[in-house]
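Visitor: Got a structure here, written out as structure tokens. Questions coming.
The values are calculated or read from the model by the stated rules, or taken from the named source; none is laboratory data. None of the values given here were measured: they were computed from a predicted structure. Please note: Cβ atoms are built from the backbone with ideal geometry, for glycine as well, and neighbour counts cover all protein chains shown. What goes into the accessible areas is simple: the full protein's heavy atoms, side chains included, and nothing from ligands, DNA or RNA. Shrake-Rupley method; radii C 1.70, N 1.55, O 1.52, S 1.80 Å.
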Amino acid sequence: MSLTAGIVGLPNVGKSTLFNAITKSQVEAANYPFATIDPNVGVVEVPDERLIKITELVHPKKTVPTTFEFTDIAGIVKGASKGEGLGNKFLANIRQVDAICHVVRCFKDGNITHVSGDVNPQDDIETINLELILADLESVNKRYEKAVKVAKSKAHEAVVEADALSKLKEALEAGQPSRSVELTDEEMVVVKQLFLLTMKPVLYVANVSEEDAANGDNDYVRQVQEIADKEGAEVVVVCAKLEEDLATMEDEERQMFLDDLGMSQSGLDVLIQKAYTLLGLATYFTAGEKEVRAWTFKKGMRAPQAAGVIHSDFERGFIRAETVHYTDLMEYGSMQTCKEAGKYRSEGKDYEVKDGDIMLFRFNV
């Protein structure tokens, strides 16, 4: 799956520090705006306890987790839609991602400059959202007048485009993101061609201090949560600096550190899982003596397309998929007992693969 979640926000909110933790790499994280000019792309493993449990049952020679991409995009400032602060370049980078992880500063630190002079999550979110809305409005306006003229011909496709652009224009002018607009399937096909920034799903990432990492709450976080609730979005609370430190630890040391903080899992693990879901992704597994592996697929995929994630030959020569769900395997303890209980199924080309399916594809080319 070549889908990616973009990390965006104002300068100095902790984006690059978070990216360092996500990828265990070292992109520049400097205390001044525009330390990141070109987007940094990192591939991350998706934490999944199910993979560990399947491995414990099957005892393969190796275990392979699934992955997806995060892109670190330089800080946006007020006026970005008009080219301020290298805004055009940054907005173009956002246009290339499939979902947005909007990092919001939720901590005070006199040693780290805030681009607006004071920490205010509501203003910070409004600044970013407004710039994205203005950029989208410009894109819609460029197409709108021509679309309305062509629609007078009553050509069906032209009427659909004009109707869609009219709805979007009205919403954007009212300060509402394009994803809030109800569109028909036909209108959505037209709109996808615009690559609108505010059509992308958003996950808010509240970056807190180390002191607030354990309880995951403060007045700033509550501001972010209130905004997210109105938008139907989710919030993940992380301490980017703490996550960066955790990323350098061995697994055992890392778990002990989390236990000392009273945290069952790191904020980073939660962020990766939430971003994965936000992208509309899910996981199926293959399991054998040689290897247990997690595979990423797009929700709604049929069995042949999911098989094609492994290799195009699997899709081209698909015969059937032999499958058992993870929950059944855990309940019955082995593939054999699942078969005896009638939980091991043979599915055809129309089967919609479920998150947690354990698959064996039969094919012939």
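Visitor: Determine the per residue accessible area of the chain with all protein chains present and a 1.4 angstrom probe, expressed in square angstrom.
Guide: It amounts to 50 Å² per residue over the chain.
Visitor: Sum up the charges of everything whose Cβ sits under 10 Å from the Cβ of LEU18, counting Lys and Arg as +1 and Asp and Glu as -1, but leave LEU18 out.
Guide: Charge balance near LEU18 sits at -1.
Visitor: Decide, for the range 130-193, between rounded, prolate and oblate: order the square roots of the alpha carbon gyration tensor eigenvalues as a ≥ b ≥ c, take rounded if a/c falls under 1.5, and otherwise choose prolate if a/b is larger than b/c, else oblate.
Guide: Verdict is prolate for the range 130-193.
Visitor: Please work out the Cα center distance from the range 291-365 to the range 190-237, rounded to the nearest Å.
Guide: Distance between centres, Cα-based: 34 Å.
Visitor: Taking only complete DSSP H runs, can you tell me which helices of the chain stretch 24 Å or more along their own long axis by Cα positions and average at least -0.5 on the Kyte-Doolittle scale?
Guide: TM-like helix candidates: 121-151, 156-173.
Visitor: May I ask you to compute the full-extension gain from ILE52 to THR277, defined as 0.36 nm times their residue separation minus their alpha-carbon distance, rounded to one decimal in nm?
Guide: 79.0 nm
Visitor: Give me the percent of accessible area attributable to carbon and sulfur for the range 300-363, probe 1.4 angstrom.
Guide: 46
Visitor: Using heavy-atom solvent-accessible surface (probe 1.4 Å) with all chains present, what is the largest-first order of TYR284, TYR351?
Guide: Output order, biggest surface exposure first: TYR351, TYR284.
Visitor: About the Cα centre of the chain, what is the dipole size in debye to 20, counting +1 per Lys and Arg Cβ and -1 per Asp and Glu Cβ, all else neutral?
Guide: Taking the Cα centre of the chain as origin, the dipole is about 1720 debye.
Visitor: Could you work out Rg/(2.2 N^0.38 Å) for the chain, with Rg from alpha carbons only?
Guide: Relative to the 2.2 N^0.38 Å estimate, the chain comes out at 1.11.
Visitor: Tally Lys/Arg at +1 and Asp/Glu at -1 over every other residue whose Cβ is under 15 Å from the Cβ of ASP185; what's the total?
Guide: That sum, taken over residues with Cβ under 15 Å, equals -4.
Visitor: Sticking with this one: On the protein heavy atoms, probe 1.4 angstrom, tell me the percent of accessible surface of the range 130-193 carried by carbon and sulfur.
Guide: 52
Visitor: Treating cross-link reach as a plain straight distance, find the lysines whose alpha-carbon is under 26 Å from the alpha-carbon of LYS53, omitting any fewer than eight places away in the same chain.
Guide: Of all the lysines, those that pass the test against LYS53 - Cα under 26 Å, at least 8 places apart if same chain - are LYS24, LYS61, LYS62, LYS274, LYS290, LYS298, LYS299, LYS339, LYS343, LYS354.
Visitor: Ok, one more. Using only alpha carbon pairs under 8 Å that are at least six residues apart, calculate the relative contact order of the chain and give it in whole percent.
Guide: 19
Visitor: Local charge sum around ALA171 (other residues, Cβ-Cβ under 14 Å, Lys/Arg +1, Asp/Glu -1)?
Guide: Combined, the nearby Lys, Arg, Asp and Glu give -4.
Visitor: So for the range 300-363, averaging the separation of alpha carbon pairs under 8 Å that are six or more residues apart and normalising by length, what relative contact order in percent results?
Guide: 49
Visitor: Now for a different question. When the helix-only estimate is applied to the chain (DSSP H runs of n ≥ 4, each -39,500 (n - 2.57), divided by the residue count), what is the mean residue ellipticity at 222 nm, nearest 500 deg cm²/dmol?
Guide: After summing the helix terms and dividing by residue count, I get -13000 deg cm²/dmol.
Visitor: Have a look at the DSSP beta bridges in the chain and tell me what percent are antiparallel, nearest 5.
Guide: 50
Visitor: Pull up the cross-link candidates among the lysines for LYS169, meaning alpha carbon to alpha carbon under 25 Å and not fewer than 8 places away within one chain.
Guide: LYS78, LYS82, LYS89, LYS142, LYS146, LYS149, LYS152, LYS154, LYS192, LYS200, LYS230
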